[in-house]
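As structure tokens, the structure follows; a few thoughts come after it.
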Amino acid sequence: MERGKGMQFVGDSRVKANKRKPNIPKDYSEYPGKTEAFWPNFLLKEWMVGAVFLMGYLCLTVAHPAPLERMADPTDSGYIPLPDWYFLFLYQLLKYSYASGDFNVIGAVVIPGLAFGALLLAPFLDTGKERRPLKRPIATGLMMLAFIATIYLTWESVDQHDWEAAAQQGAIVEEADINTEAEGYEIFSAQTSCIGCHGDTMTGVAGVGPSLLETEKTPDEVIEIVTNGQGAMPPGMFEGTEEELQILAEYIAAHGQPEE
């Protein structure tokens with residue numbers, strides 16, 4: 001008979017099975033000077049730190065309130081929007097030729113998708129137990145590449161943005177008190193080039209034409225500008241008679257004087 005053949009193992013009810021003890025951490029009092037109670041000691045410190053930061057943000061908000069711009073105008077095609085600071089790197093990316101125009105999908109979907117997808121896959125690409133950055137080249141390289149690219153694109157976006165033009169296009173302009181019943185306004189509104197560039201209230205259109213209020217121009221100076229052009233305004237834009245031009249010039253000059 002072979003050894004062990006036919007042997008059976010049976011349990012003995014007289015031997016008590018080891019019961020698994022619940023995983024209860026030791027009381028903090030067993031580690032004097034190394035830990036503390038969550039309530040109220042630790043939580044009170046957290047609240048105090050949070051209160052300090054909250055007061056700091058409130059003081060910063062009062063000292064530097066958020067800039068407000070004029071009411072949005074969907075018909076204003078010259079307005080250049082600027083996203084919040086945390087999207088400036090994507091905004092800058094869309095300015096490059098390989099990521100804009102016909103390749104807009106590449107800049108808006110493909111490149112950001114690859115970048116964020118690589119960050120999401122980083123834990124699966126690097127499964128080593130080493131925690132030191134130099135020992136984790138894949139994860140460290142991806143993170144440094146994303147970090148440097150984000151800082152560079154954000155800086156370029158801020159550096160290349162025309163802040164003066166942005167402040168002008170978003171400036172809040174009070175409604176002008178102009179005489180819309182005058183003959184000069186009828187001539188002004190009938191000219192597509194006039195009302196299209198300077199607005200129906202003569203306050204200007206951002207990125208297209210300046211305001212005609214408080215320009216301190218005389219009627220002769222207005223006629224000179226309308227006839228020969230000035231800056232981005234080409235000559236010969238007025239379509240009308242000399243008499244109508246004179247009436248229009250006097251009307252613009254009357255509204256171009258500053259209020260006392």
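The values are calculated or read from the model by the stated rules, or taken from the named source; none is laboratory data. Everything quoted here is computed from the prediction, not taken from an experiment. Don't worry about glycine lacking a Cβ; one is built from the backbone with ideal geometry, like all the others, and counts go over all protein chains shown.
So the values come out like this:
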{"read-out": "Members of the stretch 90-107 found to be outside any helix (DSSP H, G or I) and not charged (D, E, K, R), listed by number", "value": "Leu94, Tyr96, Ser100"}
{"read-out": "Residue list for the stretch 216-231, restricted to those being over 17 Å from Phe188 (Cβ atoms) and either part of a helix (DSSP H, G or I) or not assigned by TED's automatic domain parsing to the domain that holds Cys194 (or both)", "value": "Asp220, Glu224, Asn228"}
{"read-out": "Answer residue from the stretch 138-170, given it is part of a loop (DSSP other than H, G, I, E, B) and surrounded by 13 or more Cβ atoms within 10 Å (Cβ to Cβ) and is modelled with the lowest pLDDT among those", "value": "Gly170"}
{"read-out": "Boolean, Leu68 is assigned to a loop (DSSP other than H, G, I, E, B) and in contact with a His (Cβ under 7 Å, 6 or more places away or on another chain)", "value": "no"}
{"read-out": "Residue satisfying condition, being among the aliphatic types (A, V, I, L, M) and outside any loop (DSSP other than H, G, I, E, B), within set Ile80, Ile111", "value": "Ile111"}
{"read-out": "Only one of Ile178, Ile187 that is assigned by TED's automatic domain parsing to the domain that holds Ser211 and either within 28 Å of Leu248 (Cβ to Cβ) or not in a helix (DSSP H, G or I) (or both)", "value": "Ile187"}
{"read-out": "The stretch 190-226: number of residues that are without any contact (Cβ under 8 Å) to a residue 24 or more places away in the chain and on the phi > 0 side of the Ramachandran plot", "value": "1"}
{"read-out": "Some residue of the stretch 95-103 being in contact (Cβ under 8 Å) with a residue 60 or more places away in the chain and not assigned by TED's automatic domain parsing to the domain that holds Val208", "value": "yes"}
{"read-out": "Positions within the stretch 114-128 being surrounded by 14 or more Cβ atoms within 10 Å (Cβ to Cβ) and in contact with a Lys or Arg (Cβ under 8 Å, 6 or more places away or on another chain), in sequence order", "value": "Asp126"}
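The rows are residues; the columns are (1) surrounded by 14 or more Cβ atoms within 10 Å (Cβ to Cβ); (2) more than 28 Å from the chain's Cα centre (by Cα); (3) hydrophobic (A, V, I, L, M, F, W, C); (4) at pLDDT below 75.
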| site | (1), (2), (3), (4) |
| --- | --- |
| Tyr185 | yes, yes, no, no |
| Val208 | yes, no, yes, yes |
| Glu214 | no, yes, no, yes |
| Asp220 | no, yes, no, no |
| Ile225 | yes, yes, yes, no |
